[in-house]
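**Q** Mind having a look at this structure? Questions to follow.
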Amino acid sequence: MRVLLDENVPVDLASLLGDHDVETVSGLGWAGVKNGQLLRRMRGRFDALVTMDRNLPHQQNLAVQPFGVVLLEAPSNRMVRLRPLVSEILAALEGIRAGELRRIGA
């Protein structure tokens, strides 16, 4: 699966996502790109977006996107908070469908 980590997710998380083909917003030079433009750039390139942007589902119509979104609802984006969620993230990525939003943590 082709996964994009949003710029609010630490790049260190990429190495913990198993066999998935993971890229980062910053690694692609897309840092600072607004959400709407980011979603357009993702089309045809990625199967899922992993983000911590809790506003994204309210700002964008995710149901029409050709990829799924995994929303991490952790207290912070520090790896000490995200590492315990890795198994849930991997489970969420399995079988995620286009237009689907899966929330992890809380």
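**Q** State, in angstrom, two size descriptors of segment 1-62 derived from its alpha carbons: Rg to one decimal place and Dmax to the nearest whole number.
**A** My reading of the Cα-based Rg and Dmax gives 11.1, 31 Å.
**Q** Remind me, what semi-axes does segment 60-106 give for its equivalent ellipsoid, largest first in whole Å, using sqrt of 5 times each Cα gyration tensor eigenvalue?
**A** Working: eigenvalues 93, 28, 8 Å².
Values for segment 60-106, descending: 22, 12, 7 Å.
**Q** Could you work out the local net charge near residue 103, counting Lys and Arg as +1, Asp and Glu as -1, over the other residues with Cβ closer than 14 Å to its Cβ?
**A** Summing Lys/Arg as +1 and Asp/Glu as -1 gives -2.
**Q** Can you tell me the FRET efficiency between residue 2 and residue 78 if r is taken as the Cβ-Cβ distance and R0 is 30 Å, rounded to the nearest 0.05?
**A** It comes out at approximately 0.70.
**Q** Still on this structure: Report, in cubic angstrom per residue, the convex hull volume of the C-alpha atoms of the chain.
**A** Dividing the Cα hull volume of the chain by its residue count gives 90 Å³.
**Q** Search the structure for amide H atoms under 5 Å from the amide H of residue 49, placed 1.01 Å from N in the peptide plane, and list their residues when 5 or more places away or on another chain.
**A** For residue 49, the qualifying residues are 4, 68, 69, 70.
Values in this text are rule-based calculations from the coordinates and carry no lab data. This structure is a prediction, so every number in the text was calculated from the model and none was measured. Note that each Cβ is placed from the backbone with ideal geometry, even for glycine, and that neighbours are counted across all protein chains shown.
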